[in-house]
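The structure appears right after this line, and notes come after that.
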């Protein structure tokens with residue numbers, strides 16, 4: 001290679017922004033920030049890689065935080081030095097429009113717990129309807145019957161497992 005070819009190659013390398021899309025691994029994860037740090041397969045560190053398209057509002061859009069150590073596909077925005085994450089192998093969290101509504105409901109678990117709650121209310125109604133008042137006992141027999149029927153209702157609902165805390169909206 002002649003000296004001229006070497007100089008031309010060197011100038012091209014200086015002006016080249018590098019690949020527009022590449023595979024990397026997340027090395028520093030900042031769940032409360034709009035960026036992560038990644039290392040490409042050659043070991044080059046890229047700090048401040050954006051997680052979302054818009055940075056104009058703190059709660060706008062979707063912020064997807066990849067898990068530390070996960071593989072990501074990173075792309076360059078136009079010819080700029082700004083990078084963003086396009087795809088993720090594993091996620092830590094997804095926050096939609098600020099996440100003020102909490103975690104996304106896990107529908108099968110919600111349906112199960114609502115069915116238990118419905119059965120419990122139906123059991124209470126049945127217990128009250130099945131009570132038979134007895135004349136001149138002040139309602140003692142009615143109370144005994146209702147309490148006995150209510151004590152049979154043991155399958156209580158538990159709503160603690162209906163929220164997917166990884167996805168907030």
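Remarks
- Here the gap between residue 6 and residue 132, fully extended at 0.36 nm per residue and compared with their Cα-Cα distance, gives a gain of 35.1 nm.
- Between residue 37 and residue 124, full extension at 0.36 nm per residue minus the direct alpha carbon distance yields a gain of 25.7 nm.
- Ascending count of other beta-carbon atoms within 10 Å, so fewest first, for 46, 30: 30, 46
- The length gained on full extension between residue 151 and residue 90, counted as 0.36 nm times the residue separation minus their Cα-Cα distance, comes to 17.3 nm.
- Residue order, fewest to most surrounding Cβ atoms within 10 angstrom, among 91, 41: 41, 91
- Considering only alpha-carbon pairs that sit under 8 angstrom and 6 or more positions apart, the relative contact order computed for the range 103-168 is 56 percent.
- Inter-label distance, residue 71 to residue 141: 7.6 nm, where each label sits 7 Å from its Cα along the C-beta direction.
- Theoretical FRET efficiency, 1/(1+(r/R0)^6), r = Cβ-Cβ of residue 44 and residue 101, R0 35 Å, to 0.05: 0.35
- Panel order for 93, 20, by other beta carbons found within 10 Å of each beta carbon, from fewest to most: 20, 93.
Values in this text are rule-based calculations from the coordinates and carry no lab data. Note that this is a predicted model, so its numbers are computed, not measured. Glycine also receives a Cβ, built like all others from the backbone with ideal geometry; neighbour counts cover every protein chain displayed.
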